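The values are calculated or read from the model by the stated rules, or taken from the named source; none is laboratory data. All of these numbers come straight from a predicted model, not from anything done at the bench. So basically every Cβ, Gly included, is an ideal-geometry build from the backbone, and we count neighbours across all protein chains shown.
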Amino acid sequence: MGMVTPIFRMFDVEKAKEFYLGYLGFRLDWEARFEPDFPLYMQVSLGSLVVHLSEHYGDGSPGAAIRVETNGLDEFHRALTAKNYRYLRPGIEETEWNTRELRLLDPFGNRIVFFEASGTEEA
């Protein structure tokens, strides 16, 4: 088995770039369009996390969700907070299943949960 690449539906390229590139700090890897007025399909990445964003009908449904295991959740949260993104001010939640989670909602209703083990293990 290889890497899994989620596909999120998007409806506004500029909003998608503002959120994924500007706010989250993803890198734009490539864009593809069959003709100038056709839907855009693009790949963005953040470290080893790769996400495809698509304007194509049938590629993903708004409201999809992914969970991304990460280290350095506090640093990531501080970096996001410093950007003062006007549409989102997420916090870190301690869950009862011993994870710390930073839950984000993109402009199209897709959810990304960045999580790490909380380190609170019972003896």
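Residues in the stretch 1-25 that are outside any helix (DSSP H, G or I) and either within 20 Å of G63 (Cβ to Cβ) or touching an Asp or Glu at 6+ places or on another chain (Cβ under 8 Å) (or both): V4, T5, P6, I7, F8, R9, M10, F11, D12, L24. Within the span defined as the stretch 56-75, every residue fails to be of a type in the set (S, T, N, Q) and part of a strand (DSSP E or B). Of the residues L88, L28, L53, the single one that is under 16 Å from the mean Cα position of the chain (by Cα), in contact (Cβ under 8 Å) with a residue 40 or more places away in the chain and not in a loop (DSSP other than H, G, I, E, B) is L53. Per the conditions (1) more than 15 Å from the chain's Cα centre (by Cα); (2) in a loop (DSSP other than H, G, I, E, B), the sole criterion not satisfied by T81 is (2). Inclusion of E94 among residues that are at pLDDT 95 or above, acidic (D, E) and surrounded by 13 or more Cβ atoms within 10 Å (Cβ to Cβ) is not warranted. Taken over the stretch 97-115, residues that are surrounded by 16 or more Cβ atoms within 10 Å (Cβ to Cβ) and either in contact with a Gly (Cβ under 8 Å, 6 or more places away or on another chain) or modelled with pLDDT under 95 (or both) amount to 2.
Can you tell me which residue within the stretch 34-51, out of those that are out of contact with any Phe, Trp or Tyr (no Cβ under 7 Å at 6 or more places or on another chain), closer than 17 Å to A16 by Cα and not hydrophobic (A, V, I, L, M, F, W, C), is surrounded by the most Cβ atoms within 10 Å (Cβ to Cβ)? Within the stretch 34-51, the match that is surrounded by the most Cβ atoms within 10 Å (Cβ to Cβ) is Y41. Residues considered: E35, E55. Of these, the only one that is of a type outside the set (S, T, N, Q), at pLDDT below 95 and more than 30 Å from G119 (Cβ to Cβ) is E35.
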